[in-house]
1. Which of the residues spanning the range 134-149 are over 11 Å from the mean Cα position of the chain (by Cα) and under 24 Å from PRO194 (Cβ atoms)?
2. Checking the conditions here, which among LYS53, LYS30, LYS65 is more than 24 Å from CYS120 (Cβ to Cβ), surrounded by fewer than 16 Cβ atoms within 10 Å (Cβ to Cβ) and under 17 Å from the mean Cα position of the chain (by Cα)?
3. May I ask you to list the residues in the range 129-138 that are more than 16 Å from the ligand (Cβ to nearest atom) and out of contact with any Ser or Thr (no Cβ under 8 Å at 6 or more places or on another chain)?
4. Given (1) closer than 27 Å to GLU165 by Cβ; (2) touching a Leu at 6+ places or on another chain (Cβ under 6 Å), identify the lone condition not met by TYR76.
5. Against the definition (of a type in the set (Gly, Ala, Ser), surrounded by fewer than 20 Cβ atoms within 10 Å (Cβ to Cβ) and within 16 Å of the ligand (Cβ to nearest atom)), how does GLY47 come out, yes or no?
6. Any idea which of SER126, SER119 is within 16 Å of the ligand (Cβ to nearest atom) and surrounded by fewer than 15 Cβ atoms within 10 Å (Cβ to Cβ)?
7. So which residues in the range 144-170 are surrounded by fewer than 18 Cβ atoms within 10 Å (Cβ to Cβ) and touching an Asp or Glu at 6+ places or on another chain (Cβ under 8 Å), if there are any at all?
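The values are calculated or read from the model by the stated rules, or taken from the named source; none is laboratory data. Predicted model, so just to flag it, every value in this text is computed and none were measured. Cβ placement follows ideal geometry from the backbone for every residue including glycine, while neighbour counts extend to all protein chains displayed.
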Amino acid sequence: MSKVLLINGSPNERGCTFTALTEIADTLSKNGVEPELLYLGKKPVAGCIDCGKCRQTGRCIFDDKVNEILEKLDEYDGIVVGSPVYYAGPSGQLCAFLDRLFYCSEARMAGKLAAAVVSCRRGGASAAFDRLNKYFGISNMHTVGSQYWNQVHGFTPDDVRKDGEGLQTMRTLAQNMAWLLKHMQAGNEQGIAPPQYEERIYTHFIYRPCLKNTQTLTALKNLSPPGRQAIPRRPGGFVVKTDSPARPAEASLPVQHISADGARGRFQFSIPGWGNATPAGRSRRRSAGRRMPPSKHGAV
Ligand SMILES: Cc1cc2nc3c(=O)[nH]c(=O)nc-3n(C[C@H](O)[C@H](O)[C@H](O)COP(=O)(O)O)c2cc1C
């Protein structure tokens, strides 16, 4: 049976957002999909501090519900994110949670269905809804629509229960999601393969060619921990050659902080002034037998 995670990003456990999510959960159940509700709670949620540790471990250094969900992420075929509207945006705690969840999960979100749901007293729903959809659009998720943008109106759950059109929008969304999940399941059974993505291209607005640096990547990709010794260690870092268009072919660049993560077969490195990078070819991963798109780290 397909499973959908519904995240309540409101501090009010049984408030307006919960009321909207419950309407979705009930409709999913009626349509043969298992819903699982996650309440983030009232305590502050840590934001991403860009420490980069998740690139090595796949987990967040803040050991909270983000890691709990990361452990179970592959169980979910779809994710619905619900938020109250705060000053025309999603709640701060939900954004903090999702920033870390999505940054940690890299390609693991790809192929899942997704939808955002917002609850407001009066205005700002559209802006908050747009903001939440940004997580899905950069993660190869398939965003599910409804008959209207997914919003309910209310200051109390009772208000929301009176918002007939809002609740119908939630039910329609859930019907669409359940229908699509059945199609995906049928497609899998028929052997329809998921997209085989190209190697990811990163074109930074300010040109930092570290991920286009094929010689560097080749050198680093082929390194095993003993092989690392082959790269001469110099004061200031390792030295590798580059064929980057922005640097002469014969240039040697000091690469600092090479770290190997044998468990995931990945290397990370940084070149002073270029920012951090993970060799793109090493970040491919298999999940549920599918070839997943490469990591997006360093280029959100
Ligand atoms: C800090 C804060 C900011 C809010 N900003 C807005 C807003 O911009 N627009 C709006 O219509 N309602 C706003 N509200 C009201 C809530 O979005 C609205 O009551 C929502 O349905 C509450 O959902 P909940 O019960 O799930 O927490 C705000 C509420 C709070 C606490």
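1. Hits for the range 134-149 are HIS142, THR143, VAL144, GLY145.
2. LYS53
3. LYS134, TYR135, ILE138
4. (1)
5. When the stated conditions are applied, GLY47 does not pass them.
6. Checking each option against the conditions leaves just SER126.
7. Scanning the range 144-170 gives a single hit, TYR148.
For (1) aliphatic (A, V, I, L, M); (2) under 27 Å from THR169 (Cα atoms); (3) in contact with a helix residue (DSSP H, G or I) (Cβ under 9 Å, 6 or more places away or on another chain), each residue gets a yes or a no:
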{"site": "ASN12", "(1), (2), (3)": "no, yes, yes"}
{"site": "GLU23", "(1), (2), (3)": "no, yes, yes"}
{"site": "LEU40", "(1), (2), (3)": "yes, yes, yes"}
{"site": "LEU70", "(1), (2), (3)": "yes, no, yes"}
{"site": "GLU106", "(1), (2), (3)": "no, no, yes"}
